[in-house]
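Quick note: the coordinates plus some simple rules give every number you see, no bench work behind them. From a predicted model like this one, the values you see are computed outputs, not experimental measurements. Here the Cβ positions follow ideal geometry from the backbone for every residue, glycine too, while neighbour counts run over all protein chains shown.
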Amino acid sequence: MNIQSKIQQPEGRRLEFKEVIPTNAELAKTIVAFANDAGGELFIGIKNNPREISGLQKDQLDTIENKISNIVNDQCAPSILPEITFIEEDNKHIIRVYIHKGSKPPYFISSKGKEKGTFTRVGSSNRLASLEIIQELERQGQHISFDSELYFNKNYEELSLDNFKFFFKEKANENVTFEVLKKLNLVKEEQGQIFPTNALVLLSDDVKKRELFPNAKVECARFKGTIPGTYIDQKTIDGTIALQAEQAYQFVLRHISEGTEDYQGVYRNNRWEYPIIAIREVIRNAVIHRDYSLKGKDIKIAIFDDKLEITSPGKLLPTVDFSEMDAGQSDVRNVVLAPVFKRLGIIEQWGNGLQLIADDLKVYPEIELAWKEPGMAFRVSFIKTNYKQQQELQQELQQELQQELQQELQQELQQELQQELQQELQQESMYTQILLIVKEKTSSKKEISKALSQKSISSQLNIISNKLLEDNLIERTIPDKPSSSKQQYKITQRGIVFLQLLKNKKA
């Protein structure tokens, strides 16, 4: 990629621009953060805002290169070997510092030590790594996954595995025996004893699973509107992680619509409002590839009127690029769980997940796929690009319908109520008094009786209120339970028109 294309990209996990060489401390943070994460490029001599090439003095290039090399050599540990190159563009000089993803993390600023000097990339910034992030980096350096670590405080035979065993038998057509657990590395021997791995604890429904991994769950929500706030429905899925992907997928299907798009001959062609194959794959990936070592973070699935979002703890694996879905990419964070999910059919074929997402999106041009890393998480969004246009059209239709209904209602009332009005206009009867009361405020029968100066609810009041209900001038607030003690009455649109006609007649 040439420099002109590169500078059009936003700063992020793998890219940073500086107009001049940063301070020693800031440069060291960026170097170790890149090495601890996915690697990255630092360009010096490019202004960030507005993005343009400012350039460096040519006679200063060697000096700056030596300074960078000395900072990396003196302040970063373990050893990091940057690639430093000079670029000339439009007679302006730039320095490119490329840092490979390190093979021996965690990398840190030696003067601060590992706990206070380890940094990682979060978006376009360098963040001090928490203890759990440092521990994960140490596992990466030792080529150990969190799910493969042993849990020593409970015998594997004491774990509650009923749901997992049933599901495994159903999908893999095999009983979960000790030999199967050992073959799948779900149990391991240590000093002559057999212990479960974290993966087996996660696959269980055991109380220890909830104690050790209280956030190994999926929080699902359908919100009213386009921002978090009012829930229409929500569900917590916290059993064995073997079942979480399917249960979360079913929640999504309950809250998105399926309609008829067109017909092929005499056959109806149904189409979901979102690409459900793509959504299924993203949910699967969220459960399979989430970072279970991160405490206090769970998978979140949020459905709004205009979008659907799936957020999974842990950043996108460094070797996976969502921008190249057709590349057949495959990487595994949870090396023990992944083969288990493969046996269960949750992973269908290595490396084809992103391809399935890309293919499904091709038949949904109105849906935009977006992704970002909010903190130590990865979020995928399916966004309706035509949502605003649909809302405007719907509002126009609603206004037209309301106008038509109001005109029809007025005409109907004028015809139907002429005879009744002739009688009621002679005096303000209880009929109209009740209407005026409930127009002023939604009221119970007891409150209406009190407003009419009655000592108790009279039979006449019951007769007239029933008549008002029959004439559709008032309505119950709890229509399904007419005898409810909390029942109240409110005026209808028909009732409002009736009172207006009455008022006009008197005038």
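Each principal axis of the Cα cloud of the chain was evaluated for its coordinate range; sorted largest first, these ranges are 102, 68, 59 Å. Checking the cross-link pairs K235/K384; K101/K295; K209/K307 against a 30 Å limit on the alpha carbon distance flags K209/K307 as lying beyond it.
Using a cutoff of 8 angstrom between alpha carbon atoms and counting only pairs six or more residues apart, the relative contact order for the chain works out to 9 percent. Helix 241-254 and the longest principal axis of the Cα set of the chain meet at an angle near 40°. Once the dipole of the range 98-232 is set up with Lys and Arg at +1 and Asp and Glu at -1 on Cβ about the Cα centre, which of C220, S145, I99 lies farthest towards its positive end? Most positive-ward Cα: I99.
The order of S130, S443, S204, S5, going from fewest to most other C-beta atoms within 10 Å of their C-beta, is S5, S130, S443, S204. Calculated mean residue ellipticity, 222 nm, the chain: -12000 deg cm²/dmol, from DSSP H runs (n ≥ 4) at -39500 (n - 2.57) each, averaged per residue and rounded to 500. Extension gain, K388 to R210, is 59.9 nm, computed as 0.36 nm per intervening residue step minus the present C-alpha separation. Principal-axis analysis of the Cα atoms of the chain puts helix 459-470 at an angle of about 60° to the longest axis. Looking at the chain alone, DSSP beta bridges between its own residues are antiparallel in about 85 percent of cases.
Normalise the Cα radius of gyration of the range 146-212 by 2.2 N^0.38 Å (N = residues in it) and let me know the number.
My calculation over the Cα atoms of the range 146-212 gives 1.05.
Equivalent-ellipsoid semi-axes for the range 218-388 (Cα gyration tensor, √(5λ), whole Å, largest first): 25, 20, 16.
Helix 61-75 and the longest principal axis of the C-alpha atoms of the chain enclose an angle of approximately 90°. Legend: distances between Cα atoms for K154/K297; K439/K467; K450/K486; K224/K372; K224/K362; K217/K300; pairs beyond 20 Å are K154/K297; K224/K372; K224/K362.
To the nearest 20 debye, what is the magnitude of the charge dipole of the chain about its Cα centre, counting +1 on the Cβ of each Lys and Arg and -1 on the Cβ of each Asp and Glu?
1580
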